[in-house]
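*Asks:* Below you'll find the structure I mean.
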Amino acid sequence: MKARGAKKAAQNLGLDIDIIQRGMQPAHKAAAIQLFGWIQKNFDAEGKLHDKSSLHWPKLKPATVAGRRKGKSKAKAFGSGQDAGGRTRNEKGQFASRVKILQDTGRLKGGFDVTANPKRGRVENRVRYSVIHEGGWPAKKIPQRKMYPTIKQGKKIAIPAYQKFFERKMK
């Protein structure tokens, strides 16, 4: 069986994972916190942190942006001269705010929780509709907007946390 994740990091340092497995909760939590940070940055970058460009979040449709600019939702806007709804107007009096993808109310981005136990660390979203955006819903014309990193990216993010943990254990 090929070692993965924490086991691989332990092997790279010449450690036996079975000896220290009971005390792994801090390592799992540290790795989950790193993944949580990446997810938050991915929201800020509107899905552009993915290694594969095919996973970058598609732009909002003009009808979605127009609906938000008419006040149908609490869109996050950028720029000066915002009104109470967070919208801005250009020199022609038209709404010119920039609506951020998946951040209309902040509920989805703020819905992530980090948990850990001796066996694993997790980053989960407690918002019910998060799974729809993560995988997409073609029948309803909702595109995939993957919030979590791919497995390959997740390993790059999490393994350094495990390595630091094992290095401290060796001292």
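*Asks:* Quickly work out the residue 132-to-residue 150 label distance, labels modelled 7 Å from Cα along the C-beta direction, and quote it in nm with one decimal.
*Replies:* The two pseudo-label positions are separated by 2.7 nm.
*Asks:* Please compute the length gained on full extension between residue 48 and residue 141, using 0.36 nm multiplied by the number of residues separating them and subtracting their Cα-Cα distance.
*Replies:* That pair, residue 48 and residue 141, stretches by 31.4 nm at full extension.
*Asks:* Let me ask something else. Ranked by Cβ crowding within 10 angstrom, fewest neighbours first, how are 61, 164 ordered?
*Replies:* Values: 61 11, 164 14.
The most exposed by this proxy come first: 61, 164.
*Asks:* To continue, here is another question. Once the Cα gyration tensor of the stretch 92-171 is diagonalised, what are the square roots of 5 times its eigenvalues, in whole Å and ordered largest first, as equivalent ellipsoid semi-axes?
*Replies:* On the way: eigenvalues 243, 53, 33 Å².
Output for the stretch 92-171: semi-axes of 35, 16, 13 Å.
*Asks:* In nm, to one decimal, how far is the residue 40 label point from the residue 122 one, both placed 7 Å along Cα→Cβ?
*Replies:* With each label placed 7 Å out from Cα toward Cβ, I get 2.1 nm.
*Asks:* Highest mean first, what order results for 33-41, 131-139, 149-157 on Cβ atoms within 10 Å?
*Replies:* Order by mean packing, descending: 33-41, 149-157, 131-139.
Only the coordinates and a few stated rules stand behind these numbers; no lab work does. Note that the structure is predicted; figures quoted are calculated from it, not measured. Heads up, the Cβs are rebuilt from the backbone with ideal geometry, glycines too, and the neighbour counts pull from every protein chain shown.
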